[in-house]
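The values are calculated or read from the model by the stated rules, or taken from the named source; none is laboratory data. On a predicted model such as this, the values are computed, not experimentally measured, just so you know. No Cβ is skipped: glycine too gets one built from the backbone with ideal geometry, and neighbour counts run over all protein chains shown. The area values use the complete protein model at the heavy-atom level, side chains included, leaving out ligands, DNA and RNA. Shrake-Rupley method; radii C 1.70, N 1.55, O 1.52, S 1.80 Å.
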Amino acid sequence: MWSFFSRDTSKDFPYEIVENVTGFEEKSIWSLKKGKRKGTDEQVSIFAFEIKNGTESKLELAKASLKRIKTLRHPSILQFLDSFENDKVIYVATEYVETLGFHLDKLDGNKKDVYLTWGIFQITRALSFLNNDGNMRHNNVSIWSVFVNSSGEWKLGGLEYVQSIDMNNQSNQVIIPVKIPPILEIYDPPEKSDPSKVKNTTKCSTDMWGLGCLIWESFNGPLKMRNNLKDIENIPKTLAPLYCELVGANPSNRPNPADIITRCRKPNGFFKNELVDTLLFLEEIQIKDKAEKNRFFNALTQQLDNFPDNVCRYKILPQLINAYEYSGIGSIVLAPMFKLGRLLDEGEYQKKIVPCVVKLFSSTDRVTRSRLLQQLELFIHHLTPAVINDQIFPNVAHGFLDTNATIREQTVKAVIHLAPKLNYNNLNVEVLRHFARLQSRDDQGGIRTNTTVCLGKIAQHLHPQVRQRVLVSAFIRAMRDPFPPSRVAGILALAATQQYFLLSEVANRILPALCPLTADPEKSVRDPAFKTIRGFLGKLERVSEDPTLRESMEADVHTATPTIGNAAATWAGWAVSAVSAKFYRSQSDTRPRPPLTGKNLSKPASLGMFNGCVCLSRVVFVCLDSLTVILFFCKTHEAIKTCDRFIFFLNFLLYTKMHLTYGNEIFFKY
């Protein structure tokens with residue numbers, strides 16, 4: 001029984017002290033500790049008051065502070081978590097913070113001023129809440145009663161001296177409390193020592209003086225003497241007139257905090273900048289319409305470079321994730337979210353970003369899919385092979401069959417980033433099956449070209465047996481494509497992957513396929529053909545002179561991890577650099593593409609030429625130097641097919657170089 005009464009009741013407090021923060025106890029009745037929740041790594045701050053070392057008046061202040069922090073709830077007031085009291089100590093656990101007085105020493109660089117704007121705005125907002133909504137005075141505003149959390153947000157604490165305002169007593173006299181420790185008296189307004197001015201005080205005049213002191217300290221450091229407040233050299237010009245009002249001798253002339261916010265949020269006001277606008281928009285995003293959200297997120301990505309990293313990482317990024325989850329914003333949030341994701345360590349990225357990525361890939365919205373594919377390189381290295389193969393690739397693969405050419409092309413390009421992490425079946429079976437169809441049957445020359453380019457880029461990741469069976473056939477098929485860039489891609493891909501071919505294949509299959517291209521109508525095709533032939537012939541000639549080189553030249557044919565550098569050293573090094581194979585810009589393809597819309601992804605289209613009625617009645621001029629052909633587009637499928645055949649015939653004439661110039665003057669639309 002006695003053991004029950006004598007047990008340590010502090011064990012019921014779910015937090016433990018990790019480290020003391022030195023220096024704070026000189027500015028407060030509290031000492032500040034770094035702590036964490038028991039059994040976890042969740043960081044907290046613990047304010048401790050040792051009863052045996054304090055006076056009765058200090059104990060009353062500590063209990064008053066605890067009462068206030070328990071009941072006051074506001075985004076800019078220090079967040080209370082838990083407390084503990086016994087006859088020895090009072091503990092108050094809050095969100096993890098450090099005092100602004102210590103935090104200011106860490107600020108530097110060109111982001112400091114914009115960050116201070118946001119902090120001063122938050123404290124002004126907290127004081128407006130206390131003075132106007134809560135009918136209370138804080139009476140203790142300074143850099144030692146303001147705290148900064150991990151998100152860079154300023155929180156108003158130091159609630160020991162909070163007083164209620166009796167609004168029914170018209171003759172209410174302001175009693176400015178005596179500060180403990182005495183060093184805090186430097187922040188008392190001048191009317192404290194001048195009774196004649198007390199009658200001019202307002203419900204917010206004392207706190208507005210404190211706000212003025214806070215502003216001065218934000219730009220100058222801790223206040224040493226009250227006369228220093230006259231020095232406004234470091235105060236921003238947009239803030240200087242307001243600052244002078246705040247530290248004016250007449251209390252009645254000090255503005256209300258609500259009026260300060262209104263004035264400073266106007267154009268060119270102190271609180272009117274990108275950071276404050278961004279954070280306030282995110283706080284109110286639930287009430288914004290779709291057009292406002294689109295404008296905001298379109299501009300946000302570029303603005304992030306001007307914001308402090310801790311604000312981006314701990315404040316903006318979580319709100320972006322929440323906005324995507326609960327506000328129905330869609331894919332427009334992806335660019336800023338992935339940009340900020342680079343600030344996270346791997347554990348945080350896996351916890352916060354990867355689940356969003358997986359969910360996004362399951363979306364059937366075309367715009368979402370397009371943006372994900374375009375930005376894949378920003379986050380692919382954070383995705384594990386298991387996540388890619390089981391959850392992401394099955395959704396990506398649908399893009400190979402999409403009726404929209406943009407989605408098909410972006411899906412092909414995305415394979416470059418996915419290939420290193422794809423398993424055998426997804427890469428060597430599924431991807432190659434889709435590539436074979438796109439390369440041979442896709443109606444977009446640009447997609448056929450880029451499929452060949454991509455195949456050359458991922459060759460090193462293919463299984464050696466599959467690689468040996470597929471590459472030569474695929475590249476020879478590309479070299480027979482009627483689209484010139486596709487033929488060029490086939491030639492360069494052969495050169496770039498030369499280390500994977502047996503010399504017998506070079507002599508019997510590759511060179512016979514390359515030779516006809518030396519007479520190709522397009523010089524852009526003939527030039528790389530000649531160069532590649534010379535390279536392969538040089539390789540064969542060297543082996544003919546020294547047969548012992550055959551083994552080294554064929555060393556990578558059956559190797560799963562080829563050494564491109566060694567292969568390049570054995571012969572034509574130009575091939576590897578020439579075919580790092582840039583993707584073809586398909587916008588210059590002669591066939592127009594359907595626009596990318598936000599509609600859901602379609603099921604694979606039939607092999608019919610058109611999807612619905614897609615005819616236009618118009619006259620189109622095709623300018624080919626001295627030849628002008630007038631095409632009449634009619635409203636029947638037969639007429640359109642006839643036009644298609646005629647366009648193909650024109651291309652044939654152009655490719656045979658019949659003294660015609662093929663420029664960008666062909667305009668036709670289905």
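Here are the numbers for this structure:
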read-out	value
Filter result for ILE215 (at pLDDT below 95 and among the β-branched types (Val, Ile, Thr))	no
Residue check for VAL543: touching a Lys or Arg at 6+ places or on another chain (Cβ under 8 Å), under 28 Å from GLN465 (Cβ atoms) and open to solvent by less than 60 Å² (accessible area, probe 1.4 Å)	yes
Test: residue in the stretch 267-285 that is in a loop (DSSP other than H, G, I, E, B), surrounded by 20 or more Cβ atoms within 10 Å (Cβ to Cβ) and within 40 Å of the chain's Cα centre (by Cα)	yes
Extreme residue, farthest from ARG487 (Cα to Cα), among residues of the stretch 422-448 that are touching a Lys or Arg at 6+ places or on another chain (Cβ under 9 Å) and among the polar types (S, T, N, Q)	ASN428
Residue within the stretch 205-220 that is among the β-branched types (Val, Ile, Thr), free of Cβ contacts under 8 Å to residues at least 40 places away in the same chain and touching a strand residue (DSSP E or B) at 6+ places or on another chain (Cβ under 7 Å) present	no
Qualifying residue in the stretch 360-382 (condition: of a type in the set (Phe, Trp, Tyr) and under 22 Å from the mean Cα position of the chain (by Cα))	yes
Strands (runs of 3 or more DSSP E) contained entirely in the stretch 71-111, each with at least 1 residues that are out of contact with any Lys or Arg (no Cβ under 8 Å at 6 or more places or on another chain) and among the acidic types (Asp, Glu)	80-85, 97-99
Options VAL506, VAL525, VAL466, VAL472: the member that is open to solvent by less than 10 Å² (accessible area, probe 1.4 Å), more than 40 Å from the chain's Cα centre (by Cα), without any contact (Cβ under 8 Å) to a residue 60 or more places away in the chain and within 16 Å of ARG433 (Cα to Cα)	VAL472
Total residues in the stretch 206-228, condition over 17 Å from ASN140 (Cβ atoms) and surrounded by 14 or more Cβ atoms within 10 Å (Cβ to Cβ)	4
Filter pass, PRO257 being of a type outside the set (Val, Ile, Thr) and closer than 18 Å to GLU245 by Cα	yes
Qualifying residue in the stretch 446-460 (condition: out of contact with any Ser or Thr (no Cβ under 8 Å at 6 or more places or on another chain) and more than 30 Å from HIS382 (Cα to Cα))	no
Cβ-Cβ under 6 Å pairs, at least 6 apart or on other chains, the stretch 307-331 side modelled with pLDDT under 90, far side of a type in the set (Asp, Glu)	none
Selected residue (only one of ASP87, ASP166 is touching a residue at least 24 places away in the same chain (Cβ under 8 Å) and open to solvent by 10 Å² or more (accessible area, probe 1.4 Å))	ASP87
Pair list, Cβ < 9 Å and 6+ apart or interchain, from the stretch 251-271 residues that are under 22 Å from ILE176 (Cα atoms) and without any contact (Cβ under 8 Å) to a residue 60 or more places away in the chain to residues that are among the aromatic types (Phe, Trp, Tyr) and surrounded by 14 or more Cβ atoms within 10 Å (Cβ to Cβ)	ARG254/TRP209
Filtered residue count, the stretch 36-54, keeping only those that are open to solvent by 70 Å² or more (accessible area, probe 1.4 Å) and either in contact with a strand residue (DSSP E or B) (Cβ under 8 Å, 6 or more places away or on another chain) or on the phi < 0 side of the Ramachandran plot (or both)	8
Any hit, the stretch 120-135, residues being open to solvent by less than 60 Å² (accessible area, probe 1.4 Å) and at positive phi	yes
Filter result for LEU334 (closer than 19 Å to TYR115 by Cβ and surrounded by 14 or more Cβ atoms within 10 Å (Cβ to Cβ))	no
Condition broken by TYR243, with the remaining ones in (1) in a loop (DSSP other than H, G, I, E, B); (2) within 30 Å of ASP166 (Cα to Cα); (3) touching a Gly at 6+ places or on another chain (Cβ under 7 Å) satisfied	(1)
Of all residues making up the stretch 209-232, the number that are touching a Phe, Trp or Tyr at 6+ places or on another chain (Cβ under 9 Å) and assigned to a loop (DSSP other than H, G, I, E, B)	4
Lone unmet requirement of (1) open to solvent by less than 20 Å² (accessible area, probe 1.4 Å); (2) more than 44 Å from the chain's Cα centre (by Cα) for ALA519	(1)
Selection from the stretch 383-419 of residues that are free of Cβ contacts under 8 Å to residues at least 40 places away in the same chain and among the aliphatic types (A, V, I, L, M)	LEU383, ALA386, VAL387, ILE388, ILE392, VAL396, ALA397
Positions within the stretch 146-167 being over 24 Å from TRP118 (Cβ atoms) and out of contact with any strand residue (DSSP E or B) (no Cβ under 9 Å at 6 or more places or on another chain), in sequence order	GLU160, ASP166, MET167
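Residue by residue, here is whether (1) buried (at least 22 other Cβ atoms within 10 Å of the Cβ); (2) within 43 Å of the chain's Cα centre (by Cα) holds:
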| position | (1), (2) |
| --- | --- |
| LYS106 | no, yes |
| LYS111 | no, yes |
| TRP118 | yes, yes |
| ILE143 | yes, yes |
| ILE175 | no, no |
| PRO182 | no, no |
| GLU185 | no, no |
| ASN200 | no, no |
| CYS204 | yes, yes |
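So that you can scan it fast, the table gives a plain yes or no per residue for (1) at pLDDT 50 or above; (2) part of a loop (DSSP other than H, G, I, E, B); (3) under 21 Å from THR449 (Cβ atoms):
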position	(1), (2), (3)
THR518	yes, no, yes
PRO521	yes, yes, yes
LYS531	yes, no, yes
LEU549	yes, no, no
ASP556	yes, yes, no
GLY565	no, no, no
THR590	no, yes, yes
